[in-house]
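Below: one structure, written as structure tokens.
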Amino acid sequence: MRRIFWLLLINMFVCLLPAKEALAQGISTEGKDFWVGFLTNWLQSSNNPVVLELYISADDSTSGTVSIPKNPSFSPVSFNVYPNQTRIIQIPTSLGMATGTNLIQNKGIHVETDGVVSVYAMNKRQYSADMTVVLPTFSLGNYYYIMSHWEDGNRNNNANSDSEFVILAITDDTEVEITPSVTTKGSNPANVPFRVTLDRGQTYQVRAAGDLTGTLIRATNSSGCQDFAVFAGNMYTQVGECNVTNGHDHLYAQIYPTNTLGTEFIVVPLENRYGGDIIKLLATEDNTTIRANSSTYRLNAGEFVKTLSASALKVTSDKPISVGQFSRTMDCDGTLGDPFVIPISPNDQLLKKITFNAPSIATISRYSLNIISKSTAISEVTVDGVRVGSNYNLVTDSEYAYARLRISGGTHTIRSNDGFIAYVYGFGRNESFGYATGASLGNLNIDFVIEDDNLDTPIDSLCLGSELSFTPIADTLYSLFEYDFGDGNTLMTTEDTTVSHQYNQPGRYIVKLTASTGGDDCSDGNEETSTKVIQVIEPQAAISGPRSVCPNTTDVSYFIREGTDHELDWFVKGGSLNYQSNDSITVDWLQTNPDAAVQVVATNRYGCTSDTIRHPVRINVQLDPEAPFGPDTLCSNAAFNVPYEAYYTNVSTYDCQTDFGT
């Protein structure tokens, strides 16, 4: 029988266990491939329809496609997204929202992009909405504990307030085992496992008139321990057991894989709420000790405690746990707002940069942002280029601090070289939403270190052609290690020693290390996968200057048009250097030569060196000038005084002519 404990947390004087040392710097929720599943949101009236939306943000311009692979009646949607803008794509509710319980449906939504983006999903109707960050496919797992909610006293005698979760397969023949924490609406008894097999793009929703928090969902070895996505929440519920009539809302969040959970968390109270927030602390292993405030809990896997916290809260445990923050019903404290749920990231999992969107909703009048960072670094965190500065508070008995900022709806970017965790939320009358702006999702059970010849090179600036070393780090004794380097090459070894690999092309690669003990199932650490995103780079430089010159022409200028912070080594064939700075030279050309050239080798600050970049030059008595530089497409009502330019060489005369212009 599960035990549920309540505690009112008011004070901040906390006696805490030391946190387990992190094994990984996690990957973020930015990516190029995503899967989305939507839970049932109660349709109260046909005049108040449920709307499903995807929000896609990016730092750089890119394009992509949204599809529902198992449903041919949905035509794929192509889209473009641009910096500092968010593309919103609506999904037909009948095609994207899961319905019923214990049903296999073809409702998995697939987002694919050419460049790196962040994806968020919103399930909304008036007075019932919530939003979640969507995890990229490479960060999904095969072992999850559900964080959801259910309480008595809802409208219609709880008939429309089921706790629920959706499983979404990303590969064919994915078999999962579900151990519900309470009896489900499909008559699956509590604590009795059952299995279901899904194909790529299929969903399976489970609902219950009870709290499904603590439900275990794991892949089976018969399906090869395949990864899948999980979303959880509630159809339409109050939060807080405040004995009030109004204040229901949809709860919706993507669940993080268990191997990304940690042992130390900071939970910051939501701005503008006076009575505090509901915090759930969920154990994922037996005999887990959790400390929060002055209380200590000892829980087994799947057990949880509920607390009410009105101040910044530090939580520690001796084994990984899951933490959820729930906004309470508006009438619990008489302020703006309503229920939503946010999964809380452990302090190990810090982001360095994220672009997100605070959605514009007519009934939302107040947008807020909670940011957590180390106290020595939080003043350097920037939001849209503006430093947090002194707008922060220290967390008692902790090396962390937090800031609560008012923001506007729309697209925002947070940056910090030292890392941060952030949550965005909005409040209106009987309306709200909240979600993590992003999450770092490194596997804290196993990690691997990647090093270049230059030990200071970050993994987003590794050198093309360098011999890269990969070294596993783990507490568990594994017997097999398999690397997938992301370029079509793999390597398998039985030793936990360093291996090497060299990339032949620059680009962004997803590198995976899968380690196994040889056990018969996917749980208990028998198989763990750690993923990193690396960037292999080759310094680039484009030489500008005339390609056709007369013999013995002197003082001809060549330069790097876009500018660069690389160190440049210049070489000239068929002439001699007259003058040189880092990004420009002048050349004295010699006699006729059809194969003359200006060449440069670029080296970046990490020691990465380019191939020789060649700019061919023809030395001849007859010049062959290039076309002038300038716009080739013009609006007829603005085609006046349009500038064009050509490369200048000494003793040359230029005769410019135009067609259809003067």
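The values are calculated or read from the model by the stated rules, or taken from the named source; none is laboratory data. All values derive from a computational prediction rather than experimental measurement. Because the Cβ atoms are built from the backbone with ideal geometry, glycine has one as well, and the counts that use them run over all protein chains shown. When the accessible area is computed, the model is the full protein with side chains, heavy atoms only, and any ligands, DNA or RNA have been set aside. Shrake-Rupley method; radii C 1.70, N 1.55, O 1.52, S 1.80 Å.
Which whole-angstrom value gives the distance between the alpha carbon centres of the stretch 71-135 and the stretch 528-546?
31 Å
When the gyration tensor of the stretch 276-339 is built from Cα positions, what are the square roots of 5 times its three eigenvalues, in whole Å, from largest to smallest?
With the √(5λ) rule applied to the stretch 276-339, the semi-axes are 25, 12, 8 Å.
Determine, from the Cβ-Cβ distance of residue 487 and residue 415 and an R0 of 35 Å, the FRET efficiency 1/(1 + (r/R0)^6), rounded to the nearest 0.05.
Efficiency computed from Cβ-Cβ geometry: 0.75.
For the stretch 51-99, state the average projected area of the convex hull of the C-alpha atoms over all orientations, rounded to one decimal in nm².
Taking a quarter of the hull surface, the average projection is 3.7 nm².
Could you check how much of the accessible area of the stretch 34-193 is carbon and sulfur, as a whole percent, using a 1.4 Å probe?
Solvent-exposed carbon and sulfur of the stretch 34-193 make up 47 percent of the total.
With +1 on each Lys and Arg Cβ and -1 on each Asp and Glu Cβ, how big is the dipole of the stretch 299-344 about its Cα centre, in debye rounded to the nearest 20?
The calculation lands at about 180 debye.
I'd like the Karplus ³J(HN,Hα) series for the stretch 245-250: coefficients 6.51, -1.76, 1.60, θ = phi - 60°, whole numbers in Hz, and an x wherever there's a Gly or Pro.
Coupling constants for the stretch 245-250: 8, 9, x, 9, 6, 7 Hz.
Kindly report the accessible area of the stretch 570-662 per residue (heavy atoms of protein chains, probe 1.4 Å, no ligands, DNA or RNA), in Å².
Solvent-accessible surface per residue comes out at 71 Å².
Going by amide H atoms built from the backbone, whose H comes under 5 Å of the H on residue 433, apart from near neighbours?
426
Just to confirm a number: summing +1 for Lys and Arg and -1 for Asp and Glu over residues other than residue 271 whose beta-carbon lies under 12 angstrom from that of residue 271, what do you get?
+3
Express in whole angstrom the spacing between the alpha-carbon centres of the stretch 180-242 and the stretch 431-448.
20 Å
Run the dipole for the chain about the Cα centre, Lys and Arg Cβ at +1, Asp and Glu Cβ at -1, nothing else charged, and hand back the magnitude in debye, nearest 20. Please report the intermediate quantities before stating the final value.
Details: 41 positive and 73 negative charges, 500 e Å.
So the magnitude is around 2400 debye.
Rank-order 468-479, 235-246 by packing density, defined as the average count of other C-beta atoms within 10 Å over each peptide's residues, highest first.
235-246, 468-479
Which percent of the accessible heavy-atom area of the stretch 345-397 goes to carbon and sulfur, probe 1.4 angstrom? Could the numbers behind the result be given before it?
Values: 990 of 2200 Å².
About 45 percent, which is the carbon plus sulfur part of the accessible surface.
Quick one: what are the phi-derived ³J(HN,Hα) couplings along the stretch 597-606, Karplus 6.51/-1.76/1.60 with θ = phi - 60°, whole Hz, x for glycine and proline?
6, 9, 10, 8, 10, 9, 10, 8, 5, 9
Take the cross-link list 319/532; 70/353; 306/353; 107/185; 124/532 and give me the ones stretching past 28 Å between alpha-carbons. Walk me through the intermediate numbers first.
Working: 319/532 24 Å; 70/353 34 Å; 306/353 32 Å; 107/185 20 Å; 124/532 34 Å.
Too far apart for the 28 Å limit: 70/353; 306/353; 124/532.
Mind checking the log10 I(q)/I(0) for the chain at q = 0.06, 0.08 Å⁻¹? Debye, one equal scatterer per Cα, no solvent, two decimals.
-0.41, -0.66
Which order do the peptides 331-342, 570-581 come out in when sorted by mean C-beta neighbours inside 10 angstrom, highest first?
331-342, 570-581
Which sequence of 110, 566 reflects their accessible areas, 1.4 Å probe, from the largest down?
Listed by decreasing accessible area, they come as 566, 110.
How far apart, in nanometres, would the label points at residue 45 and residue 382 be if each is projected 7 angstrom from Cα along the Cα-to-Cβ direction?
For the pair residue 45/residue 382, the computed spacing is 4.8 nm.
What FRET efficiency would be calculated for the residue pair residue 112, residue 84, taking the C-beta separation as r and a Förster radius of 22 Å, to the nearest 0.05?
Working: r = 22 Å, r/R0 = 1.01.
Once the sixth-power term is evaluated, E becomes 0.50.
Please report the spacing between the Cα centers of the stretch 336-404 and the stretch 461-499 in Å, no decimals.
Distance between centres, Cα-based: 35 Å.
Counting only other residues whose beta carbon sits under 11 Å from that of residue 578, what net charge do I get with K and R as +1, D and E as -1? Mind showing how you got there, number by number?
Details: positive: none; negative: 555, 588.
Every neighbour counted, the sum reads -2.
With every protein chain kept in the model, how would you rank 483, 509 by accessible area, 1.4 Å probe, largest at the top?
The most accessible residue leads, giving 509, 483.
If you stretched the chain out fully between residue 399 and residue 245, how much longer would it get, using 0.36 nm times the residue separation minus the C-alpha to C-alpha distance?
Additional length available on full extension: 51.3 nm.
Which cross-chain or sequence-distant (5 or more) residues have an amide H under 5 Å from the amide H of residue 106, H modelled 1.01 Å from N in plane?
203
Please compute the per residue accessible area over the stretch 369-527 with all protein chains in place, 1.4 Å probe, rounded to a whole number of Å². Spell out each step's value before the answer.
Details: 6950 Å² over 159 residues.
That works out to 44 Å² per residue.
Computing the accessible area with a 1.4 Å probe over protein heavy atoms, can you report the carbon and sulfur percentage for the stretch 252-312? It would help to have the intermediate numbers written out before the result.
Details: 540 of 1460 Å².
Answer for the stretch 252-312 is 37 percent, counting heavy atoms of protein chains only.
With labels modelled as points extended 7 Å from the Cα through the Cβ direction, what inter-label distance (nm, one decimal) is found for residue 63 paired with residue 624?
Result: 3.4 nm between the two label points.
Short version: ³J(HN,Hα) in whole Hz for each residue of the stretch 360-369, in order, from phi by Karplus 6.51 cos²θ - 1.76 cosθ + 1.60 (θ = phi - 60°), x for Gly and Pro, what are they?
Each residue's phi maps through the Karplus curve to give 7, 10, 4, 8, 8, 10, 9, 10, 9, 9 Hz.
Could you tally the net charge around residue 131, taking each other residue with its Cβ under 11 Å from the Cβ of residue 131, Lys/Arg +1 and Asp/Glu -1? Write down the numbers at each step before the final one.
Working: positive: 124; negative: 53, 130.
It works out to a net charge of -1.
Roughly how many debye, to the nearest 20, is the charge dipole of the stretch 541-623 about its Cα centre, given +1 on each Lys and Arg Cβ, -1 on each Asp and Glu Cβ, and no other charges?
Approximately 260 debye in magnitude.
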